[in-house]
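Asks: Sharing a structure, written as structure tokens. Questions coming.
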Amino acid sequence: MSARVTGIAREPGYTVVENASLAGRNTFRVPARAALLIEVTRSDVLPEVFGLAALRQRPPFILGEGSNVLFTRDWPGVVLAVGVRGIQMLEDGPEGARVRVAAGENWHDFVLWSLARGYAGLENLALIPGTVGAAPIQNIGAYGAEASEFIQAVDVYDRQLGRGLRLANADCGFAYRDSIFKREPGRLVVGAVEFLLPRVRQPRLDYAGVRDELATMGVTAPTPVTVAEAVMRLRTRKLPNPALIGNAGSFFKNPAVSPAQAEALRREHPALVAWELADGRCKLSAAWLIEACGFKGLREGDAGVSSQHALVLVNHGQATGAQIWALAERVREAVERRFGVRLEPEPVVV
Ligand code: EPU
């Protein structure tokens with residue numbers, strides 16, 4: 001097929017839409033359009049799709065469920081949505097399982113799938129919005145766990161090499177909300193993720209709130225399923241629901257500073273929320289910094305800072321991405337002026 005598409009073209013395994021609206025494809029629910037939207041539903045057509053002239057010319061923007069992106073403008077090129085589905089059990093032993101999950105599967109559904117079959121590991125990561133294909137990109141994490149702990153390998157298509165590749169965990173450059181996939185946007189397209197899930201694992205309960213929530217639930221011997229329930233209860237209470245109000249979860253990363261800087265800040269602001277990292281640096285709670293600057297619950301038109309959680313920017317209805325970004329910049333400048341710490345956005349900002 002050539003790139004001469006008018007309107008909508010349906011090919012076996014994928015569709016191409018010209019001048020496509022992305023408003024329903026981002027959880028901020030801001031208006032944006034893509035010059036071309038290519039949606040792939042079968043992995044065997046990926047080589048053909050990557051051969052399309054439009055995709056050879058310049059990198060596509062890769063979109064999952066749009067739960068970690070802010071569009072401040074239209075995308076002039078191709079938006080590629082890999083909607084390939086399927087969960088494949090590769091190996092199932094007494095120790096655990098090796099499972100291959102297609103990029104377009106919903107993350108939380110996969111977490112529930114794994115728990116229902118008696119595997120442990122993903123319970124702290126329940127209810128994170130987005131697809132399985134997006135999980136390695138920003139190395140999703142919550143309640144003391146990160147996806148990278150359970151990822152064995154990632155199958156990608158490398159646009160630069162023009163072929164498929166299998167990246168072992170160690171080659172993915174995983175770090176806090178970061179990976180190799182983020183470094184050259186549009187180059188590596190995730191097709192599937194392989195997970196190694198243990199049967200038995202010491203529950204991880206140290207993250208603030210998890211133990212208390214289990215106690216409230218009357219759980220004395222936590223299992224992966226009850227830990228997942230506790231995490232879901234916490235998330236539901238603490239984070240605004242993207243189904244009800246547009247948002248992309250945490251809008252900034254928690255910044256890491258030197259021990260000296262943390263100490264100086266603590267002297268000036270005794271209530272500062274900070275914790276030590278393994279490498280000696282200190283992580284500061286970005287939510288605390290933002291709240292301390294008076295932004296929690298603030299609203300500028302329809303762009304706002306959630307009244308539930310200061311780290312989450314929200315769209316009260318008709319905000320544009322540019323308006324949300326303007327508010328983000330205001331928050332960032334205020335935090336930098338008051339604390340000398342620069343916040344980095346967590347979602348991808350277009
Ligand atoms: N806090 C405030 N004000 C608020 C909210 C929180 O001061 O409005 C302070 C409290 O002291 C609280 C602390 O910040 O104890 C930490 O809050 P929370 O447990 O909600 O965690 P977080 O550091 O703000 C991170 C992740 C979340 C993840 C939670 C739970 C990042 C950028 N965010 O938030 O991930 O759900 O921990 O593990 O690391 C996401 O990435 O989109 C996301 C939601």
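Asks: Please verify whether the stretch 215-226 includes one or more residues that are away from the ligand (no atom under 11 Å from the Cβ), touching a residue at least 60 places away in the same chain (Cβ under 8 Å) and in contact with a helix residue (DSSP H, G or I) (Cβ under 7 Å, 6 or more places away or on another chain). Reasoning before the result, please.
Replies: Pass one, the stretch 215-226, residues away from the ligand (no atom under 11 Å from the Cβ): 215-226.
From what is left, the residues that are touching a residue at least 60 places away in the same chain (Cβ under 8 Å) are 224-225.
Keeping just the survivors that are in contact with a helix residue (DSSP H, G or I) (Cβ under 7 Å, 6 or more places away or on another chain) gives 224-225.
Yes, that holds for at least one residue.
Asks: Go through the stretch 94-132 and give me each residue that's outside any loop (DSSP other than H, G, I, E, B), open to solvent by 10 Å² or more (accessible area, probe 1.4 Å) and closer than 17 Å to GLN202 by Cβ.
Replies: GLY96, LEU115, listed by residue number.
Asks: Taking the stated definitions as given, is ARG211 open to solvent by 20 Å² or more (accessible area, probe 1.4 Å), of a type in the set (Lys, Arg) and free of Cβ contacts under 8 Å to residues at least 24 places away in the same chain?
Replies: yes
Asks: I would also like to ask the following. Could you tell me how many of the residues in the stretch 339-350 are open to solvent by 70 Å² or more (accessible area, probe 1.4 Å) and within 12 Å of the ligand (Cβ to nearest atom)?
Replies: 1
Asks: Every residue in the stretch 260-288 that is open to solvent by less than 30 Å² (accessible area, probe 1.4 Å) and of a type in the set (A, V, I, L, M, F, W, C), please.
Replies: ALA262, LEU265, LEU272, ALA274, CYS282, LEU284, ALA286, ALA287 - these are the residues of the stretch 260-288 that are open to solvent by less than 30 Å² (accessible area, probe 1.4 Å) and of a type in the set (A, V, I, L, M, F, W, C).
Asks: For the stretch 237-259, check the following and say yes or no: at least one residue is farther than 30 Å from ASN315 by Cβ, open to solvent by less than 40 Å² (accessible area, probe 1.4 Å) and modelled with pLDDT of 95 or more. So that I can check it myself, show each step before the final result.
Replies: First, pick out the residues of the stretch 237-259 that are farther than 30 Å from ASN315 by Cβ: 257-259.
So of that shortlist, the ones also open to solvent by less than 40 Å² (accessible area, probe 1.4 Å) come out as 257.
Then drop every residue that is not modelled with pLDDT of 95 or more, which leaves 257.
There is at least one residue in the stretch 237-259 that is farther than 30 Å from ASN315 by Cβ, open to solvent by less than 40 Å² (accessible area, probe 1.4 Å) and modelled with pLDDT of 95 or more.
Asks: Answer yes if at least one residue in the stretch 227-242 is more than 16 Å from the ligand (Cβ to nearest atom) and either among the charged types (D, E, K, R) or not in a helix (DSSP H, G or I) (or both), and no otherwise.
Replies: no
Asks: Looking only at the stretch 294-333, which residues are surrounded by fewer than 20 Cβ atoms within 10 Å (Cβ to Cβ), more than 16 Å from the ligand (Cβ to nearest atom) and not in a helix (DSSP H, G or I)?
Replies: Listed by number, the residues that qualify are GLU300, GLY301, ASP302, HIS316, GLY317, GLN318, THR320.
Asks: Looking at GLU336, GLU291, which one is surrounded by fewer than 22 Cβ atoms within 10 Å (Cβ to Cβ) and more than 16 Å from the ligand (Cβ to nearest atom)?
Replies: Criteria check complete, one pass: GLU336.
Asks: Test TYR157 against the criterion of being in contact (Cβ under 8 Å) with a residue 60 or more places away in the chain and open to solvent by 40 Å² or more (accessible area, probe 1.4 Å), and give yes or no.
Replies: For TYR157, the condition - in contact (Cβ under 8 Å) with a residue 60 or more places away in the chain and open to solvent by 40 Å² or more (accessible area, probe 1.4 Å) - is not met.
Asks: Turning to a different aspect of this structure: Return the total of residues in the stretch 202-254 being in contact with a strand residue (DSSP E or B) (Cβ under 9 Å, 6 or more places away or on another chain) and of a type outside the set (A, V, I, L, M).
Replies: Qualifying residue count, the stretch 202-254: 14.
Asks: Could you please let me know if ALA20 is aliphatic (A, V, I, L, M) and either open to solvent by less than 10 Å² (accessible area, probe 1.4 Å) or touching an Asp or Glu at 6+ places or on another chain (Cβ under 8 Å) (or both)?
Replies: Criteria met by ALA20.
The values are calculated or read from the model by the stated rules, or taken from the named source; none is laboratory data. For clarity, every value in this text was computed on a predicted model and none was experimentally measured. FYI the Cβ positions are ideal-geometry reconstructions off the backbone, even for glycines, and counts take in every protein chain you see. Quick note on the areas: whole protein, heavy atoms, side chains included, nothing else; ligands and nucleic acids left out. Shrake-Rupley method; radii C 1.70, N 1.55, O 1.52, S 1.80 Å.
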